[in-house]
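Novice: So that we are looking at the same thing, I have put the structure below in structure tokens.
Since every read-out is calculated from the coordinates, none of them should be taken as a lab result. Keep in mind the model is a prediction, meaning the values are calculated, not measured. All Cβ positions, glycine included, derive from the backbone under ideal geometry; neighbour counts span all protein chains shown.
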Amino acid sequence: MADVKIIEDGAAIALDMGGAVSRYHAVWLRDNAWDEQTRAAGNGQRLITLSDIPEDIAIQHASVEGDRLKVTFAPNEEQIDYDLNWIVAHCYDLPQLSEKGWVGDEILVWDSAWQGQVPVADFSQVTQDKEALATWLDGIVQFGFGKLTGGPVEEGALFQVADLFGYVRETNYGRHFEVRTEVHPSNLAFTGLGLQAHTDNPYRDPVPTVQILYCLENSAEGGENMVVDGFACAQRLQREDPRGFHLLSSYCARFEFAGEDGVCLRSRRPMIELAPDGALVGVRFNNRSAAAITDVPYGDMAAYYAAYRRLGKIIDDPEMEITFKLEPGECFVVDNTRVLHARKGYSGSGSRWLQGCYADMDGLRSTHAALVQEIIRAAE
């Protein structure tokens, strides 16, 4: 049973959904109406601006009838119906989180204990079955990474992976890049050296938010891939060293890459990035591309470096990593704003050849959300 009352002299309503009471302002309700005068049919985009809503708007009458909330607004006596379920789903009268570094319900932070629960799907299945693709993408949204197996062993196959959810983001490295041993590499990624877990391209702003690494050959000894949840590392730092977490999230680091003629990429961002409400939204960590840090005042620099060192140790802790070795035709996809990836060193014998490219999480999330809506509609 639902009940509604007008409060604050018409400035808001209090909606009682069987004991759970939430409040909504008149201006918010009018701005979020879905009637044909407010929203365009088909795409749902607004047809009005805030200047079209009276500054003295108030609620003249409100009632609940079945699954509809009916509201009459003064001074124009506009009558608008709302889907009650939509209103409840978009409630904003919620307790405010004061703790910094929190993550949303759609994110699952993990460590090595999740080794056997990596989101894995078969290439042919996700290319033919929308539900399988939606499930795999859901895993990437939650975990920040996922694997595909059984793909074609052919150059450019990684583009078929990107096409599953979005578009390739071209950079100075081209539409894709090769990862194998080179005699005079422009980047340490192209050697047999082991690499510390890192996020890619922190010197870009914005960074590519998805990276795809696709295996074509892997007969070399070693070279296992590792992934580390940067959000789990940041939260662990916060528990173990609250001041260090504050410093790394309050001051900007600097990153730079100038390893090619005509290229000088620079960015200035915190290693641990928070939204204004304290939500953890990004991690940038790449010692190879770190430039001189100049945005930390003298009085905090020593403590900042201590926190930087501590975060690196947490990232290097085997308890934080999931390890696997890619076989030809396999690939993994990582959220490059969250999940760090690494590689153990490998020998010069045998061969190791991966191809990589970048894409973006907005395309992945869009495809995932659209597939979920399509599956729900088909089931109704």
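Novice: Less than 14 Å Cβ to Cβ from Thr72, Lys/Arg counted +1 and Asp/Glu -1: what total charge do the surrounding residues give?
Specialist: -2
Novice: Kirkwood hydrodynamic radius, the chain, all distinct C-alpha pairs: what's the number in Å?
Specialist: 23.8
Novice: Over the Cα atoms of the stretch 65-181, how large are the radius of gyration and the largest Cα-Cα distance (Dmax), in Å?
Specialist: Radius of gyration, then largest Cα-Cα span, for the stretch 65-181: 22.5, 72 Å.
Novice: Taking DSSP loops as anything outside H, G, I, E and B, show the longest stretch in the chain free of trypsin sites (Lys or Arg not before Pro) there with at most 16 other beta carbons within 10 Å.
Specialist: Here the longest segment lacking exposed loop sites spans 1-174.
Novice: Among the lysines, select those whose C-alpha is under 29 Å from the C-alpha of Lys70, and discard any that sit fewer than 8 residues away in the same chain.
Specialist: Lys5
Novice: Further, regarding this structure: Kindly write out, for the stretch 128-137 in residue order, the coupling ³J(HN,Hα) from the Karplus curve 6.51 cos²θ - 1.76 cosθ + 1.60 (θ = phi - 60°), rounded to whole Hz, with x marking Gly and Pro.
Specialist: These are the phi-based 3J(HN,Hα) values: 10, 10, 5, 5, 5, 5, 4, 5, 5, 5 Hz.
Novice: To continue, here is another question. Could you run the Karplus curve 6.51 cos²θ - 1.76 cosθ + 1.60 with θ = phi - 60° over the stretch 221-234 and give me ³J(HN,Hα) per residue in whole Hz, x for Gly and Pro?
Specialist: 6, x, x, 4, 8, 10, 10, 9, 7, x, 5, 5, 5, 5
Novice: Given q = 0.16, 0.17, 0.21 Å⁻¹, what are the Debye log10 I(q)/I(0) values for the stretch 1-75, with equal point scatterers placed on the Cα positions and solvent ignored?
Specialist: -0.61, -0.68, -0.96
Novice: Identify all aspartates and glutamates with a Cα-Cα distance to Lys100 below 17 Å; exclude those on the same chain that are fewer than 8 residues away in sequence.
Specialist: Cα-Cα hits under 17 Å: Glu240, Asp241, Glu273, Asp277.
Novice: Sticking with this structure for a sec: So what's Rg/Rh here for the stretch 257-380, counting alpha carbon atoms and using the Kirkwood radius for Rh?
Specialist: Values: Rg = 19.5 Å, Rh = 18.9 Å.
Value, to two decimals: 1.03.
Novice: Taking the Cβ of Gln37 as the centre, find all other residues whose Cβ is under 10 Å away and add up their charges (Lys, Arg: +1; Asp, Glu: -1). Intermediate results must be reported in sequence, preceding the final value.
Specialist: Working: positive: Arg39; negative: Asp35, Glu36, Asp52, Glu78.
In short, -3.
Novice: Beyond 17 Å, how much of the Cα-Cα pair distribution for the stretch 73-133 remains, as a whole percent? Display every interim value, and only then the final one.
Specialist: Numbers: 1352 of 1830 pairs.
More than 17 Å apart: 74 percent of the Cα pairs in the stretch 73-133.
Novice: Please list log₁₀ I(q)/I(0) at q = 0.14, 0.15, 0.21 Å⁻¹ for the stretch 241-287, using the Debye equation with identical point scatterers on the alpha-carbon positions.
Specialist: With no solvent term, the Cα-only Debye profile gives -0.41, -0.46, -0.73.
Novice: Which of the lysines could a cross-linker bridge to Lys325, judged by Cα under 24 Å and excluding same-chain residues fewer than eight apart?
Specialist: Answer for Lys325, where 24 Å is the Cα cut-off: Lys147, Lys313, Lys344, listed by chain and number.
Novice: What is the spread of the Cα atoms of the stretch 1-149 along each of their three principal axes, largest first, in whole Å?
Specialist: 61, 38, 32
Novice: If you don't mind, another one. Which value in deg cm²/dmol, rounded to the nearest 500, describes the helix-derived mean residue ellipticity at 222 nm for the chain, given -39,500 (n - 2.57) per DSSP H run of n ≥ 4 and division by the residue count?
Specialist: The helix contribution divided over the chain gives -7500 deg cm²/dmol.
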